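What follows is calculated from the coordinates using simple rules that are stated; it is not laboratory data. Given the structure is predicted, the values throughout are model-derived calculations rather than measurements. Using ideal geometry, Cβ is built from the backbone for each residue, glycine included, and neighbour counts are taken over all protein chains shown.
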């Protein structure tokens, strides 16, 4: 029974670590940095816990039960607490790492205490072998359960409460098994049952708790919120203004999204003669596709979007269908749910126009979609007279980031034409039009545009001195300098 407890606590310990890293990457961005520092802090704290275990000289069973109850309480409530306090505290990172360290110290106490409890029941070689075997197998189970089952089906908050409850069950089972070694077993039993009941209530109300936390984090009313294996999707509404947020970052506002999407598509596509095949990478909301479908010559639009929840949402919800004009349901549109980085490698088709409408490069998993390696693959999917357009963050706020994308495209063999415009919801925003050879200047714009005109489109390609080019390195897969530029520049921006 105690060896099974090793398996359970190892699973729980790694789950808490994965929850903290995932939650930090959702809320703070830059997943590689967040996971690296969370893992480092957690393991360091476990070392501290293991060290302090030597000062526990008696009542090991009672102490183990108390540690399990504390791990269950703190670890189980950690995700819900962090979501609730994200927008309420100024020093969120301090709170995050404090919780990680507390859980790590408690988890670090578990195995040394169990080894001491079991030392008279097994030979030393068998004890060490079996304890660490169960520990490592439990870690393997956690690493498989987390991405395949817990995140897509339960979400972070429910998973946290569930595994907190498992820690408490281990405490209660140990208490029942070794009750004669604990002088005050009855009070511990009562505390354990109260904690277990509290975690059960938290599990049952986790969606309401998450909705409450998001209600305080967003000014407008949250009308949809869901965690997927890839991101947290939140949609808000206030009057006629519908807003889409991915991992707390605004993607569009229905009041002015036409400015962004018309500028993304038409200054480039209107300069391609009789475009037939268009590839949209990202843009699972279907709004860029809506603009592409305004060209009668386009007979085939391929949309490659990583998250199937996004394309399902924007092809089934009536309110969202009004925004994208049911573009994803058009027979000319073919939706593929795949990672654009790997999909483009296996693609053998050629396109007249390619749109890279990815979120900003706030972490390395997104930054890879702005590298020379990726653009080299995109280049091979482009017809000789075709063009690529990429959204490239704000040249006002993140000047080095913007020109880094331009330099990366140029190094990748493209002729580039950077341009920018003002979008009220975002501020000054930038795009880069890239082609294998200079594009004709003539524009063949559709008739029903709200924002882009021929004269206005030409003005977009002029940059004032304070947004002009600066010396930067190209963004390569092995260094991802763009992510560092982006994080440094946006960290100093105050909305």
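Things to note:
- Separation between Cα centres of the stretch 41-99 and the stretch 324-343, rounded to whole Å: 44 Å
- Computed label-point distance, nm, for sites residue 85 and residue 491 using a 7 Å Cα→Cβ extension: 2.2 nm
- Centre separation in Å (Cα based) which lies between the stretch 415-443 and the stretch 168-203: 63 Å
- Shape category assigned to the stretch 295-387 from the gyration tensor of Cα positions, a/c cut at 1.5: oblate
- The mean sequence separation of alpha-carbon pairs under 8 Å and at least six residues apart, normalised by the residue count of the chain, gives a relative contact order of 13 percent.
- Matching label, Cα Rg over 2.2 N^0.38 Å computed from the structure shown, candidates (i) 1.15; (ii) 1.19; (iii) 1.05: (i)
- Cα gyration tensor shape of the stretch 1-82, rounded if a/c is under 1.5, else prolate or oblate by comparing a/b with b/c: prolate
- Peptide packing for 370-379, 295-304 was compared via the average number of neighbouring C-beta atoms within 10 Å per residue; ordered from the highest value, the list is 370-379, 295-304.
- Antiparallel bridges, percent of DSSP beta bridges restricted to the chain (to nearest 5): 60 percent
- Peptides 257-270, 443-456, 59-72 ranked from most to least packed by the mean count of surrounding Cβ atoms within 10 Å: 257-270, 59-72, 443-456.
- Relative to the dominant Cα principal axis of the chain, helix 60-85 is inclined by about 20°.
- The stretch 2-214 - percent relative contact order, Cα under 8 Å, separation 6 or more: 37 percent
- Peptides 12-19, 222-229 ranked from most to least packed give 12-19, 222-229, packing being the mean of other C-beta atoms within 10 angstrom over each peptide's residues.
- FRET efficiency for the residue 212 to residue 128 pair, using the beta carbon distance and R₀ = 51 Å, is estimated at 0.65.
- Summed over qualifying helices (DSSP H, 4 residues or more, each -39500 (n - 2.57)) and divided by its residue number, the chain shows a 222 nm mean residue ellipticity of -17000 deg cm²/dmol.
- Nearest 10 degrees, 0 to 90: helix 206-217 Cα axis against the chain principal axis: 50 degrees
- DSSP beta bridge pairing in the stretch 256-491, given as percent antiparallel to the nearest 5: 40 percent
- Degrees, to the nearest 10: 155-177 long Cα axis against longest axis of the chain: 10 degrees
- Note: relative contact order over the stretch 1-111, using C-alpha pairs below 8 Å and six or more positions apart, is 42 percent.
- Prolate/oblate/rounded label for the stretch 1-44 (Cα gyration tensor, a/c 1.5): prolate
- Base-10 log of normalised Debye intensity for the stretch 256-491 (one unit scatterer per alpha-carbon) at q = 0.09 Å⁻¹: -0.33
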